[in-house]
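Asker: Structure provided below as structure tokens; questions to follow.
The values are calculated or read from the model by the stated rules, or taken from the named source; none is laboratory data. It should be emphasised that the depicted structure is a prediction, and the values quoted were computed from it without experimental measurement. Positions of Cβ are generated from backbone atoms using ideal geometry, with glycine treated the same way; all protein chains shown enter the neighbour counts. Side chains are part of the model used for accessible areas, which takes the heavy atoms of the whole protein and leaves out ligands, DNA and RNA. Shrake-Rupley method; radii C 1.70, N 1.55, O 1.52, S 1.80 Å.
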Amino acid sequence: GPAASVVPDLAGRRVLISAGGTREPLDPVRFLGNRSSGKQGVALAQAAVARGATVTVVAANLEVAVPTSVTTVLVSSALEMHKAMALAAESAEVIIMAAAVADYRPKTVQLGKIKKEDVGDTLTLELVKNPDILAGLSAARRPGQLIIGFAAETETDADRLLALGRDKIIRKGCDYLVVNRVSQHEGFGTERNSVTVLDHHGVIVNEASGSKMSVANCILDLIG
Ligand code: CTP
Ligand code: CA
């Protein structure tokens, strides 16, 4: 079967992957979230383990199980993920930011449940920007460390999608950017994925479409 033919080309490599979607607390019982299931990040972890890597996953609210052979750090919010990634990055050779990180969080987290009685007919939330974890890790990159980001875009025009990816990798400063189109029907939460991988010049270095496992292996080929 395919498992028997896997080449251990990542033997001993230390790979750090963020997966899932962050939740930004509003009060003790509510949060702002997103549709990420964590399936692509977990597929990356599975594929990396199969190829011999030592894998850590910083996991935010996953809908799927992480293989037991992976070191898992559980987080929920973007700030928690920021801390956990900074710490784990110290010993990682390859970092893959597959998580959907909330761009903004509620400015204040209420200690008690928000009550309709206290709010009235309209509720306005004030949000503040979260730290850009990927840009921060890229700026702090050690020599030899490889950093891969993801870009989830809803743009339907292929050329404009690529242009967005090219702008994004320049802003992020990472080595590769995995661009994937998302909608309610593809990307987030689904079994399949379709991606284009750009290098730091914005040049297409790989394209993959299929199961999240085959997309994972295509991404890992960049580091093998
Ligand atoms: N990312 C991150 N920290 C954030 C926001 C995003 O590390 N606060 C990472 C994601 O994990 C992903 C990459 O940055 O690997 C791109 O995320 P994306 O949401 O596509 O890009 P943004 O820079 O947030 O831009 P926008 O959402 O406005 O398109
Ligand atoms: Ca974003």
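Asker: Being within 16 Å of ligand 2 (Cβ to nearest atom), touching a residue at least 60 places away in the same chain (Cβ under 8 Å) and hydrophobic (A, V, I, L, M, F, W, C) narrows it down to one of Leu79, Leu32, Leu16, so name that one.
Answerer: Sole residue among the options that is within 16 Å of ligand 2 (Cβ to nearest atom), touching a residue at least 60 places away in the same chain (Cβ under 8 Å) and hydrophobic (A, V, I, L, M, F, W, C): Leu32.
Asker: Which of the residues that make up segment 168-188 are open to solvent by 30 Å² or more (accessible area, probe 1.4 Å) and either polar (S, T, N, Q) or closer than 18 Å to Val101 by Cβ (or both)? Before the answer, list the steps.
Answerer: So the first thing to find is which residues in segment 168-188 are open to solvent by 30 Å² or more (accessible area, probe 1.4 Å), and the list is 168, 170-173, 175-176, 181, 183-186, 188.
The answer is Lys168, Arg171, Lys172, Gly173, Tyr176, Ser183, Gln184, Phe188.
Asker: Right, another one. So which pairs qualify, if the first residue must be in segment 203-224 and among the hydroxyl-bearing types (Ser, Thr, Tyr), the second must be open to solvent by less than 40 Å² (accessible area, probe 1.4 Å), the Cβ gap must be under 7 Å, and the two must be at least 6 apart or on different chains?
Answerer: Correct list of pairs: Ser214/Ala208.
Asker: Here is a follow-up. Name the residue, out of Glu191, Glu126, Glu207, that is away from ligand 2 (no atom under 14 Å from the Cβ) and within 17 Å of Ala19 (Cα to Cα).
Answerer: Glu191
Asker: Still on this structure: Which one is most open to solvent (accessible area, probe 1.4 Å) among residues in segment 98-117 that are of a type in the set (A, V, I, L, M, F, W, C) and more than 14 Å from the chain's Cα centre (by Cα)?
Answerer: Filtering segment 98-117 for residues of a type in the set (A, V, I, L, M, F, W, C) gives 98-102, 109, 111, 114.
From what is left, the residues that are more than 14 Å from the chain's Cα centre (by Cα) are 109, 111, 114.
Values: Val109: 79, Leu111: 168, Ile114: 42 Å².
Taking the candidates together, the pick is Leu111.
Asker: Report yes if some residue within segment 36-49 is within 13 Å of ligand 1 (Cβ to nearest atom), touching a residue at least 24 places away in the same chain (Cβ under 8 Å), under 23 Å from Val182 (Cβ atoms) and part of a loop (DSSP other than H, G, I, E, B); otherwise report no.
Answerer: Yes, because at least one residue in segment 36-49 is within 13 Å of ligand 1 (Cβ to nearest atom), touching a residue at least 24 places away in the same chain (Cβ under 8 Å), under 23 Å from Val182 (Cβ atoms) and part of a loop (DSSP other than H, G, I, E, B).
Asker: For Ile95, only one of the following conditions fails: (1) at negative phi; (2) open to solvent by 10 Å² or more (accessible area, probe 1.4 Å). What is its number?
Answerer: Ile95 satisfies every listed condition except (2).
Asker: Shifting gears a bit: For Gly120, all conditions in the list (1) under 23 Å from Gly187 (Cα atoms); (2) open to solvent by less than 50 Å² (accessible area, probe 1.4 Å) hold save one; what is the number of the exception?
Answerer: Tallying (1) under 23 Å from Gly187 (Cα atoms); (2) open to solvent by less than 50 Å² (accessible area, probe 1.4 Å), Gly120 fails exactly one: (1).
Asker: Please work out which residue is most open to solvent (accessible area, probe 1.4 Å), limiting yourself to segment 129-147 and to residues that are part of a strand (DSSP E or B) and away from ligand 2 (no atom under 16 Å from the Cβ).
Answerer: Only one residue fits best here, namely Leu146.
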